[in-house]
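These notes are about the structure you will find just below.
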Amino acid sequence: MFAAAAVLIGFESITFGVFSKTFAITQGLSPEDPQLNRLCRVITLESGLFVGGLLALFGTGTMHLQHHQLENASVWSSRSVAKHCAS
């Protein structure tokens, strides 16, 4: 539980830093950053949508596979309950 919270807090901290840096540069409060410019050229909307779609498909497939494995191995699956009730 604490590890999950630490991951979420770390991710939020990193995104807050990137957004703050981007805002400061666009408002003229900070000079241009070559690393941030390179990052913006590499990570586009299309590449983010592609990677997000692949991760969503992978997660859905993994969830589906896990569900079927648990259904077949479980004592309380719908088939075993039906067999038990029929006898």
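The numbers here are math on the coordinates, done by the rules we state, and not lab data. Not measured: the values here are computed from a predicted model.
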**Message:** I'd like the distance separating the alpha-carbon centroids of region 43-57 and region 1-42, in whole Å.
**Reply:** 19 Å
**Message:** With θ taken as phi - 60° and the coefficients 6.51, -1.76 and 1.60, list the Karplus ³J(HN,Hα) couplings across region 3-10 in order, rounded to whole Hz; mark glycine and proline as x.
**Reply:** 5, 5, 5, 5, 5, 5, 5, x
**Request:** Compute from the Cα atoms of region 1-43 the Rg and the Dmax, the latter being the longest Cα-Cα distance, and quote both in angstrom.
**Result:** 13.3, 41
